[in-house]
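Below: the structure, in C-alpha coordinates.
The values are calculated or read from the model by the stated rules, or taken from the named source; none is laboratory data. In this text the structure is predicted, and so the values were computed from the model without any measurement. FYI the Cβ positions are ideal-geometry reconstructions off the backbone, even for glycines, and counts take in every protein chain you see.
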(Lines give C-alpha, C1' and ligand atoms only; values in the text may rest on other atoms or scores of the structure.)
Protein backbone atom coordinates (compact mmCIF):
# COMPACT_ATOMS: atom_id res chain seq x y z
CA UNK A 1 0.00 0.00 0.00
CA UNK A 2 1.03 3.61 -0.51
CA UNK A 3 2.90 5.04 2.46
CA UNK A 4 1.81 8.49 3.60
CA UNK A 5 5.07 9.51 5.27
CA UNK A 6 7.15 8.44 2.28
CA UNK A 7 4.82 10.12 -0.19
CA UNK A 8 4.94 13.43 1.69
CA UNK A 9 8.72 13.27 1.98
CA UNK A 10 9.03 12.68 -1.77
CA UNK A 11 6.71 15.62 -2.47
CA UNK A 12 8.66 17.96 -0.18
CA UNK A 13 12.00 16.82 -1.61
CA UNK A 14 10.83 17.51 -5.16
CA UNK A 15 9.19 20.82 -4.31
CA UNK A 16 12.49 22.10 -2.92
CA UNK A 17 14.16 21.52 -6.31
CA UNK A 18 13.80 24.60 -8.51
CA UNK A 19 12.49 23.55 -11.92
CA UNK A 20 10.91 26.42 -13.85
CA UNK A 21 10.21 25.61 -17.49
CA UNK A 22 13.47 25.14 -19.36
CA UNK A 23 15.44 24.48 -16.16
CA UNK A 24 14.49 20.90 -15.34
CA UNK A 25 17.95 19.29 -15.15
CA UNK A 26 18.02 19.00 -11.35
CA UNK A 27 14.54 17.45 -11.30
CA UNK A 28 15.58 15.11 -14.09
CA UNK A 29 18.60 13.96 -12.08
CA UNK A 30 16.51 13.33 -8.95
CA UNK A 31 13.63 11.42 -10.55
CA UNK A 32 15.98 9.46 -12.82
CA UNK A 33 17.94 8.34 -9.76
CA UNK A 34 14.76 7.27 -7.97
CA UNK A 35 13.39 5.36 -10.97
CA UNK A 36 16.69 3.60 -11.56
CA UNK A 37 16.85 2.60 -7.88
CA UNK A 38 13.43 0.94 -8.30
CA UNK A 39 14.80 -1.18 -11.15
CA UNK A 40 13.34 0.71 -14.09
CA UNK A 41 15.40 0.95 -17.27
CA UNK A 42 16.04 4.61 -18.00
CA UNK A 43 16.00 6.43 -21.34
CA UNK A 44 16.16 10.04 -22.49
CA UNK A 45 14.99 11.18 -25.91
CA UNK A 46 16.59 13.98 -27.92
CA UNK A 47 14.64 16.60 -25.92
CA UNK A 48 15.74 14.98 -22.63
CA UNK A 49 12.26 13.89 -21.63
CA UNK A 50 12.58 11.13 -19.02
CA UNK A 51 11.33 7.71 -20.14
CA UNK A 52 11.60 4.69 -17.85
CA UNK A 53 10.37 1.13 -18.26
CA UNK A 54 9.46 -1.57 -15.77
CA UNK A 55 8.98 -5.03 -17.33
CA UNK A 56 5.88 -7.03 -16.52
CA UNK A 57 3.20 -9.26 -17.99
CA UNK A 58 0.32 -8.17 -20.17
CA UNK A 59 -0.46 -4.91 -21.91
CA UNK A 60 1.78 -1.96 -21.00
CA UNK A 61 0.42 1.20 -19.41
CA UNK A 62 1.93 4.68 -19.60
CA UNK A 63 2.13 6.85 -16.47
CA UNK A 64 2.99 10.50 -17.08
CA UNK A 65 3.54 13.83 -15.36
CA UNK A 66 5.70 16.85 -16.11
CA UNK A 67 8.89 18.05 -14.44
CA UNK A 68 8.58 21.82 -14.78
CA UNK A 69 6.71 24.46 -12.79
CA UNK A 70 5.51 28.00 -13.42
CA UNK A 71 6.84 31.18 -11.82
CA UNK A 72 7.17 32.38 -9.11
CA UNK A 73 8.67 28.99 -8.36
CA UNK A 74 12.21 29.44 -7.05
CA UNK A 75 13.24 28.85 -3.47
CA UNK A 76 9.87 27.35 -2.56
CA UNK A 77 9.44 26.74 1.17
CA UNK A 78 6.72 24.09 1.63
CA UNK A 79 4.75 24.02 4.86
CA UNK A 80 2.82 20.98 6.10
CA UNK A 81 -0.30 21.73 8.14
CA UNK A 82 -2.10 18.51 9.01
CA UNK A 83 -3.43 17.08 5.76
CA UNK A 84 -2.48 20.14 3.71
CA UNK A 85 0.76 21.27 2.08
CA UNK A 86 1.20 24.90 1.02
CA UNK A 87 3.95 27.39 0.26
CA UNK A 88 4.80 30.31 2.50
CA UNK A 89 2.71 32.52 0.20
CA UNK A 90 5.57 34.15 -1.69
CA UNK A 91 5.72 31.46 -4.38
CA UNK A 92 3.62 28.75 -5.93
CA UNK A 93 3.76 25.40 -4.17
CA UNK A 94 4.82 23.42 -7.22
CA UNK A 95 2.23 20.72 -6.59
CA UNK A 96 1.53 21.16 -10.28
CA UNK A 97 3.04 18.84 -11.19
CA UNK A 98 5.33 17.54 -8.44
CA UNK A 99 2.35 15.99 -6.73
CA UNK A 100 1.78 14.01 -9.94
CA UNK A 101 5.42 12.94 -10.12
CA UNK A 102 5.34 11.94 -6.43
CA UNK A 103 2.17 9.88 -6.90
CA UNK A 104 3.73 7.89 -9.76
CA UNK A 105 6.97 7.28 -7.82
CA UNK A 106 5.08 6.22 -4.69
CA UNK A 107 2.84 3.81 -6.62
CA UNK A 108 5.85 2.24 -8.34
CA UNK A 109 7.69 1.96 -5.01
CA UNK A 110 4.73 0.22 -3.36
CA UNK A 111 4.38 -2.26 -6.23
CA UNK A 112 8.10 -3.07 -6.40
CA UNK A 113 8.29 -3.52 -2.60
CA UNK A 114 5.27 -5.84 -2.62
CA UNK A 115 6.86 -8.21 -5.12
CA UNK A 116 3.44 -8.73 -6.71
CA UNK A 117 3.04 -9.50 -10.39
CA UNK A 118 2.16 -6.49 -12.49
CA UNK A 119 1.76 -5.22 -16.03
CA UNK A 120 4.60 -3.51 -17.93
CA UNK A 121 4.90 0.19 -17.06
CA UNK A 122 6.26 3.02 -19.20
CA UNK A 123 6.89 6.22 -17.25
CA UNK A 124 7.07 9.50 -19.17
CA UNK A 125 8.11 12.65 -17.33
CA UNK A 126 8.09 15.53 -19.80
CA UNK A 127 9.93 18.83 -19.79
CA UNK A 128 8.58 22.30 -20.52
CA UNK A 129 4.90 21.38 -20.30
CA UNK A 130 4.00 24.78 -18.90
CA UNK A 131 5.53 26.56 -21.91
CA UNK A 132 3.09 24.99 -24.37
CA UNK A 133 3.40 21.19 -24.03
CA UNK A 134 6.85 21.51 -25.58
CA UNK A 135 8.30 18.31 -24.15
CA UNK A 136 5.32 16.25 -25.30
CA UNK A 137 5.53 17.80 -28.77
CA UNK A 138 9.17 16.65 -28.92
CA UNK A 139 8.64 13.25 -27.30
CA UNK A 140 10.14 10.30 -29.19
CA UNK A 141 7.00 8.20 -29.48
CA UNK A 142 8.97 5.33 -30.99
CA UNK A 143 10.15 4.62 -27.42
CA UNK A 144 6.57 4.13 -26.19
CA UNK A 145 4.56 0.98 -26.88
CA UNK A 146 1.59 1.59 -24.53
CA UNK A 147 -1.71 2.70 -26.04
CA UNK A 148 -3.45 3.42 -22.71
CA UNK A 149 -2.32 5.51 -19.79
CA UNK A 150 -2.82 8.19 -17.17
CA UNK A 151 -1.55 11.75 -17.01
CA UNK A 152 -1.16 12.84 -13.40
CA UNK A 153 -1.73 16.55 -13.95
CA UNK A 154 -5.36 17.31 -13.11
CA UNK A 155 -6.72 19.64 -10.46
CA UNK A 156 -8.70 18.15 -7.58
CA UNK A 157 -9.09 14.57 -6.34
CA UNK A 158 -7.96 11.44 -8.15
CA UNK A 159 -11.45 10.53 -9.31
CA UNK A 160 -11.66 13.61 -11.55
CA UNK A 161 -10.96 12.19 -15.01
CA UNK A 162 -10.82 14.53 -18.00
CA UNK A 163 -12.39 12.57 -20.88
CA UNK A 164 -12.69 15.68 -23.08
CA UNK A 165 -10.45 18.70 -23.57
CA UNK A 166 -10.29 21.58 -26.09
CA UNK A 167 -8.14 22.50 -29.05
CA UNK A 168 -6.04 25.64 -28.64
CA UNK A 169 -4.99 28.24 -31.16
CA UNK A 170 -2.27 30.63 -30.00
CA UNK A 171 -2.66 34.23 -31.18
CA UNK A 172 0.38 36.51 -31.38
CA UNK A 173 0.65 39.92 -33.00
CA UNK A 174 3.39 42.50 -33.47
CA UNK A 175 2.02 45.97 -34.10
CA UNK A 176 4.40 48.53 -35.58
CA UNK A 177 3.43 52.21 -35.53
CA UNK A 178 5.72 55.24 -35.65
CA UNK A 179 7.57 56.89 -32.76
CA UNK A 180 7.45 60.62 -32.15
CA UNK A 181 7.96 63.04 -29.24
CA UNK A 182 4.69 63.08 -27.33
CA UNK A 183 5.05 66.71 -26.28
CA UNK A 184 6.53 68.28 -29.40
CA UNK A 185 5.12 66.40 -32.40
CA UNK A 186 2.55 63.81 -31.33
CA UNK A 187 0.69 64.24 -34.63
CA UNK A 188 3.69 62.73 -36.41
CA UNK A 189 3.49 59.50 -34.41
CA UNK A 190 1.31 56.43 -34.82
CA UNK A 191 0.58 54.84 -31.45
CA UNK A 192 0.89 51.08 -31.50
CA UNK A 193 -0.77 51.02 -28.06
CA UNK A 194 -3.81 52.88 -29.42
CA UNK A 195 -4.04 50.42 -32.32
CA UNK A 196 -3.83 47.51 -29.89
CA UNK A 197 -6.56 49.06 -27.74
CA UNK A 198 -8.87 49.42 -30.73
CA UNK A 199 -8.28 45.79 -31.68
CA UNK A 200 -8.97 44.56 -28.15
CA UNK A 201 -12.34 46.30 -28.02
CA UNK A 202 -13.44 44.31 -31.08
CA UNK A 203 -12.31 40.84 -30.05
CA UNK A 204 -14.67 38.26 -28.51
CA UNK A 205 -12.92 37.61 -25.19
CA UNK A 206 -13.61 35.58 -22.07
CA UNK A 207 -16.27 32.87 -21.87
CA UNK A 208 -17.81 32.83 -25.34
CA UNK A 209 -20.02 29.77 -24.80
CA UNK A 210 -19.96 26.50 -22.85
CA UNK A 211 -17.31 25.06 -25.17
CA UNK A 212 -15.26 28.10 -26.13
CA UNK A 213 -13.02 30.68 -24.43
CA UNK A 214 -10.51 33.28 -25.58
CA UNK A 215 -8.04 35.56 -23.89
CA UNK A 216 -5.29 38.08 -24.49
CA UNK A 217 -3.00 37.47 -21.56
CA UNK A 218 0.05 39.58 -22.30
CA UNK A 219 0.67 43.03 -23.79
CA UNK A 220 4.12 44.56 -24.08
CA UNK A 221 4.98 47.89 -25.64
CA UNK A 222 6.17 51.43 -25.26
CA UNK A 223 9.42 52.90 -23.97
CA UNK A 224 8.73 56.12 -22.06
CA UNK A 225 5.76 58.30 -21.22
CA UNK A 226 6.95 61.08 -23.59
CA UNK A 227 7.33 58.86 -26.65
CA UNK A 228 4.48 57.84 -28.93
CA UNK A 229 4.88 54.04 -28.76
CA UNK A 230 5.88 52.49 -32.05
CA UNK A 231 5.66 48.83 -31.09
CA UNK A 232 3.33 46.50 -29.16
CA UNK A 233 3.28 42.74 -28.77
CA UNK A 234 0.05 40.85 -28.01
CA UNK A 235 -0.08 37.24 -26.81
CA UNK A 236 -3.40 35.42 -26.59
CA UNK A 237 -5.31 32.24 -27.24
CA UNK A 238 -8.60 30.73 -28.39
CA UNK A 239 -9.82 27.37 -27.09
CA UNK A 240 -12.82 25.25 -27.98
CA UNK A 241 -14.03 21.69 -27.65
CA UNK A 242 -15.54 22.19 -31.14
CA UNK A 243 -13.03 22.76 -33.95
CA UNK A 244 -15.63 24.45 -36.13
CA UNK A 245 -16.12 27.05 -33.40
CA UNK A 246 -12.35 27.36 -33.02
CA UNK A 247 -12.06 28.13 -36.72
CA UNK A 248 -14.99 30.55 -36.59
CA UNK A 249 -13.63 32.62 -33.73
CA UNK A 250 -10.12 32.52 -35.15
CA UNK A 251 -11.52 34.11 -38.29
CA UNK A 252 -13.30 36.73 -36.17
CA UNK A 253 -9.90 37.59 -34.66
CA UNK A 254 -8.37 37.93 -38.13
CA UNK A 255 -11.23 40.14 -39.30
CA UNK A 256 -10.94 42.42 -36.26
CA UNK A 257 -7.21 42.86 -36.76
CA UNK A 258 -7.70 43.57 -40.45
CA UNK A 259 -10.47 46.12 -39.87
CA UNK A 260 -8.25 48.12 -37.53
CA UNK A 261 -5.25 47.72 -39.83
CA UNK A 262 -7.30 49.25 -42.64
CA UNK A 263 -7.79 52.39 -40.52
CA UNK A 264 -4.03 52.72 -40.03
CA UNK A 265 -2.51 52.16 -43.49
CA UNK A 266 0.90 53.52 -42.41
CA UNK A 267 1.15 51.05 -39.55
CA UNK A 268 2.03 47.38 -39.87
CA UNK A 269 0.36 44.49 -38.05
CA UNK A 270 1.91 41.02 -38.14
CA UNK A 271 -0.69 38.53 -36.89
CA UNK A 272 -0.13 34.82 -36.41
CA UNK A 273 -2.78 32.30 -35.34
CA UNK A 274 -1.48 28.75 -35.06
CA UNK A 275 -2.75 25.54 -33.49
CA UNK A 276 -0.79 24.08 -30.58
CA UNK A 277 -2.92 21.05 -29.75
CA UNK A 278 -6.11 19.31 -30.83
CA UNK A 279 -9.25 18.56 -28.86
CA UNK A 280 -10.16 15.07 -27.73
CA UNK A 281 -13.38 13.44 -26.55
CA UNK A 282 -13.00 9.86 -25.34
CA UNK A 283 -16.06 7.62 -25.08
CA UNK A 284 -16.88 6.10 -21.70
CA UNK A 285 -16.61 2.63 -23.25
CA UNK A 286 -12.93 3.11 -24.17
CA UNK A 287 -10.42 0.73 -22.56
CA UNK A 288 -8.58 3.59 -20.80
CA UNK A 289 -11.77 4.90 -19.19
CA UNK A 290 -12.72 1.40 -18.07
CA UNK A 291 -9.22 0.81 -16.65
CA UNK A 292 -9.28 4.03 -14.64
CA UNK A 293 -12.85 3.46 -13.47
CA UNK A 294 -11.98 -0.06 -12.23
CA UNK A 295 -8.89 1.15 -10.40
CA UNK A 296 -10.83 3.95 -8.73
CA UNK A 297 -13.59 1.54 -7.71
CA UNK A 298 -11.01 -0.81 -6.17
CA UNK A 299 -9.70 2.20 -4.23
CA UNK A 300 -13.22 2.97 -2.98
CA UNK A 301 -13.83 5.91 -5.34
CA UNK A 302 -16.40 6.60 -8.02
CA UNK A 303 -15.05 8.07 -11.25
CA UNK A 304 -16.18 11.58 -12.14
CA UNK A 305 -15.85 11.74 -15.93
CA UNK A 306 -15.84 15.34 -17.10
CA UNK A 307 -14.68 17.76 -19.76
CA UNK A 308 -12.06 20.39 -19.04
CA UNK A 309 -11.17 23.76 -20.49
CA UNK A 310 -7.47 23.13 -20.04
CA UNK A 311 -4.97 21.44 -22.31
CA UNK A 312 -2.31 19.01 -21.14
CA UNK A 313 0.23 16.53 -22.43
CA UNK A 314 -2.77 14.21 -22.84
CA UNK A 315 -3.83 16.16 -25.94
CA UNK A 316 -0.50 15.40 -27.58
CA UNK A 317 -0.42 11.76 -26.45
CA UNK A 318 -3.90 11.16 -27.86
CA UNK A 319 -2.94 12.81 -31.15
CA UNK A 320 -0.15 10.24 -31.31
CA UNK A 321 -2.31 7.21 -30.60
CA UNK A 322 -1.90 6.88 -26.82
CA UNK A 323 -5.19 7.40 -24.97
CA UNK A 324 -3.77 8.65 -21.67
CA UNK A 325 -6.26 10.68 -19.66
CA UNK A 326 -5.61 13.36 -17.01
CA UNK A 327 -6.59 12.54 -13.44
CA UNK A 328 -6.58 14.70 -10.32
CA UNK A 329 -3.44 14.94 -8.18
CA UNK A 330 -4.94 16.41 -5.01
CA UNK A 331 -3.86 19.96 -5.83
CA UNK A 332 -5.95 23.15 -5.82
CA UNK A 333 -5.36 26.69 -7.15
CA UNK A 334 -2.82 25.77 -9.84
CA UNK A 335 -0.43 28.55 -10.91
CA UNK A 336 -1.06 30.76 -7.88
CA UNK A 337 0.66 31.49 -4.58
CA UNK A 338 -2.42 29.97 -2.87
CA UNK A 339 -1.73 26.56 -4.40
CA UNK A 340 -2.22 23.65 -1.97
CA UNK A 341 -1.88 19.86 -2.01
CA UNK A 342 -4.17 17.63 0.04
CA UNK A 343 -2.27 14.59 1.33
CA UNK A 344 -5.28 12.21 1.62
CA UNK A 345 -6.18 12.88 -2.03
CA UNK A 346 -2.58 12.30 -3.10
CA UNK A 347 -2.68 8.96 -1.23
CA UNK A 348 -5.88 8.04 -3.08
CA UNK A 349 -4.13 8.88 -6.34
CA UNK A 350 -1.16 6.69 -5.44
CA UNK A 351 -3.46 3.79 -4.49
CA UNK A 352 -5.39 4.15 -7.74
CA UNK A 353 -2.13 4.29 -9.71
CA UNK A 354 -0.85 1.21 -7.87
CA UNK A 355 -4.01 -0.71 -8.80
CA UNK A 356 -3.57 0.26 -12.45
CA UNK A 357 0.00 -1.09 -12.37
CA UNK A 358 -1.26 -4.31 -10.78
CA UNK A 359 -3.65 -4.79 -13.68
CA UNK A 360 -6.96 -3.08 -12.93
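Among residues of region 187-212 that are on the phi < 0 side of the Ramachandran plot, those with a beta-carbon under 8 Å from a residue that is exposed (fewer than 13 other Cβ atoms within 10 Å of the Cβ) and outside any strand (DSSP E or B) at least six positions away or on a different chain give the pairs 190/266; 198/263; 202/259.
Here is a check on your reading of the model: is residue 285 assigned to a loop (DSSP other than H, G, I, E, B), surrounded by fewer than 16 Cβ atoms within 10 Å (Cβ to Cβ) and out of contact with any helix residue (DSSP H, G or I) (no Cβ under 8 Å at 6 or more places or on another chain)? Against the criterion (assigned to a loop (DSSP other than H, G, I, E, B), surrounded by fewer than 16 Cβ atoms within 10 Å (Cβ to Cβ) and out of contact with any helix residue (DSSP H, G or I) (no Cβ under 8 Å at 6 or more places or on another chain)), residue 285 qualifies.
Here is a yes/no grid of residues against (1) closer than 17 Å to residue 32 by Cβ; (2) under 25 Å from the mean Cα position of the chain (by Cα); (3) not in a loop (DSSP other than H, G, I, E, B):
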{"position": "108", "(1), (2), (3)": "yes, yes, yes"}
{"position": "113", "(1), (2), (3)": "no, no, yes"}
{"position": "117", "(1), (2), (3)": "no, no, no"}
{"position": "122", "(1), (2), (3)": "yes, yes, yes"}
{"position": "129", "(1), (2), (3)": "no, yes, no"}
{"position": "132", "(1), (2), (3)": "no, yes, no"}
{"position": "136", "(1), (2), (3)": "no, yes, yes"}
{"position": "142", "(1), (2), (3)": "no, yes, yes"}
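Screening the candidates 254, 218, 263 for the property of being out of contact with any strand residue (DSSP E or B) (no Cβ under 9 Å at 6 or more places or on another chain) and over 20 Å from residue 316 (Cα atoms) yields one hit, 263.
Is it the case that region 37-56 has a residue that's in the same structural domain as residue 90 (by TED's automatic domain parsing), part of a helix (DSSP H, G or I) and either under 25 Å from residue 142 (Cβ atoms) or over 23 Å from the mean Cα position of the chain (by Cα) (or both)? Yes, some residue in region 37-56 is in the same structural domain as residue 90 (by TED's automatic domain parsing), part of a helix (DSSP H, G or I) and either under 25 Å from residue 142 (Cβ atoms) or over 23 Å from the mean Cα position of the chain (by Cα) (or both). Assess whether residue 164 counts as being touching a strand residue (DSSP E or B) at 6+ places or on another chain (Cβ under 8 Å) and either assigned to a strand (DSSP E or B) or outside the structural domain of residue 332 (by TED's automatic domain parsing) (or both). It is true that residue 164 is touching a strand residue (DSSP E or B) at 6+ places or on another chain (Cβ under 8 Å) and either assigned to a strand (DSSP E or B) or outside the structural domain of residue 332 (by TED's automatic domain parsing) (or both). From the list 73, 100, the lone residue that is assigned by TED's automatic domain parsing to the domain that holds residue 149, in contact with a strand residue (DSSP E or B) (Cβ under 6 Å, 6 or more places away or on another chain) and not in a loop (DSSP other than H, G, I, E, B) is 100. Evaluating residue 262 against the criteria (1) on the phi > 0 side of the Ramachandran plot; (2) free of Cβ contacts under 8 Å to residues at least 24 places away in the same chain leaves one unmet condition, (1).
Filtered by the rule that a residue be in a helix (DSSP H, G or I) and touching a strand residue (DSSP E or B) at 6+ places or on another chain (Cβ under 9 Å), region 4-32 gives 8, 11, 12, 15, 27, 28, 31, 32. Selection of region 303-338 for residues being assigned to a strand (DSSP E or B) and either outside the structural domain of residue 292 (by TED's automatic domain parsing) or surrounded by fewer than 24 Cβ atoms within 10 Å (Cβ to Cβ) (or both) yields 304, 305, 306, 307, 323, 332. Scan region 195-206 and tell me whether some residue there is at pLDDT 95 or above, in a strand (DSSP E or B) and within 20 Å of residue 255 (Cα to Cα). For region 195-206, residues at pLDDT 95 or above, in a strand (DSSP E or B) and within 20 Å of residue 255 (Cα to Cα): present. When each of 189, 177, 132 is tested for being under 21 Å from residue 28 (Cα atoms) and touching a strand residue (DSSP E or B) at 6+ places or on another chain (Cβ under 8 Å), the lone residue that passes is 132.
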